[in-house]
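Worksheet: one structure, shown below.
What follows is calculated from the coordinates using simple rules that are stated; it is not laboratory data. All figures in this text were calculated on a predicted structure; none of them were measured in a lab. Cβ: placed from backbone, ideal geometry, glycine included. Neighbour counts: every protein chain shown.
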Amino acid sequence: MENKPARAESGAILNQLMEIARISALAEMASGIAHELNQPLGAIAAFSQAGERMLNRSEPLVGQAQDVFRQIGKEALGAGEGLRRIRRLFEHEQSTREVCPMPAVVAELWPVLEMLALKAQGTLELHADDAGRAPVQMDRLKIQHVLFALVQNAFDAAATHRDASPRVRIQVTGDRYAVETSVVDSGTGVPEEIHGQLFRPFFTTKSRGTGLGLASSRAIVEAHEGTIGFEVEPQGGSRFWFRLPVAAK
Ligand SMILES: Nc1ncnc2c1ncn2[C@@H]1O[C@H](COP(=O)(O)OP(=O)(O)OP(=O)(O)O)[C@@H](O)[C@H]1O
Ligand SMILES: [Mg+2]
């Protein structure tokens, strides 16, 4: 009880750090995109004005206009290449894979996840069975990013459900082939009409959301040859899960 003010303060610090991380990630990406598009878009605008002038003459300069169209095409392809370069920056970072059991990876992130619980004034539980302890080959930090994004969403969802205190449960289970990690919340579930959109980049229903949490999680899980999805729970709330293949012996 005595350390409550200190813990509340850590919650506020976590809030600020999350805000800074979100803003700087978006700012970084926006400035990269602006940089890659500025030059080709400027050139395309200039070329199309020139092309229009050539074709508007009493004796249109068709040959030169064709040249200008080719230049426009080249610039557009160049812009596409610029965007691919930005995507590659995010895709091909050095990835360090190691073999570890999922419950240990959750446990390592636990203090951070508890901060999310504290901020939401909710509770967080972890259940792991034997199958869930099978070794998985993974980039630990990236998988922890996925856990963080799912638990953050779970508390956001649970917080909108006013009558109950937010409860989030992490379950790690599995079979011979895969380890399945689920994040189950006590929220109101996902409305049917947005089921197909949740994993799209920038899709958000939150006033301060980026809509990148689930999109980046899916990219990470798929890069691990895994699958990610969700189910609306019959008793309310939802269960977001991801499956990662068990490491070969
Ligand atoms: N556990 C959940 N229950 C209900 N809806 C959810 C849940 N998790 C995600 N969603 C829905 O999916 C949308 C996209 O989630 P995503 O994590 O990609 O972005 P976000 O949470 O809106 O933004 P950010 O992650 O930057 O806070 C959310 O805005 C919300 O509508
Ligand atoms: Mg989110």
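The angle between the Cα long axis of helix 62-91 and the main principal axis of the chain comes to about 20°, on a 0 to 90 degree scale. Taking amide H as placed 1.01 Å from N in the peptide plane, the amide H of V246 sits under 5 Å from that of A178, V179, each at least 5 places away or on another chain.
Note on the chain: with a GNM built from Cα contacts shorter than 10 Å, the maximum mean-square fluctuation among V62, V172, V136 falls on V62. With the Kirkwood sum run over all distinct C-alpha pairs, the chain has a hydrodynamic radius of 21.1 Å. Taking amide H as placed 1.01 Å from N in the peptide plane, the amide H of G187 sits under 5 Å from that of A158, G237, S238, each at least 5 places away or on another chain. Under 5 Å from the amide H of G226 lies no amide H of any residue 5 or more positions distant or on a separate chain, with H modelled from the backbone and absent for Pro and chain starts. Between F230, F47, F155, the Gaussian network model of the chain with springs among Cα atoms under 10 angstrom shows the greatest mean-square fluctuation at F47.
Taking 0.36 nm per residue of separation and subtracting the Cα-Cα distance, full extension of the segment from A164 to R176 would add 0.6 nm.
Note on R200 and H145: the model spin-label points, each 7 Å out from Cα along the C-beta direction, lie 2.3 nm apart. Mean projection of the Cα convex hull over all viewing directions, computed for region 178-249: 5.5 nm².
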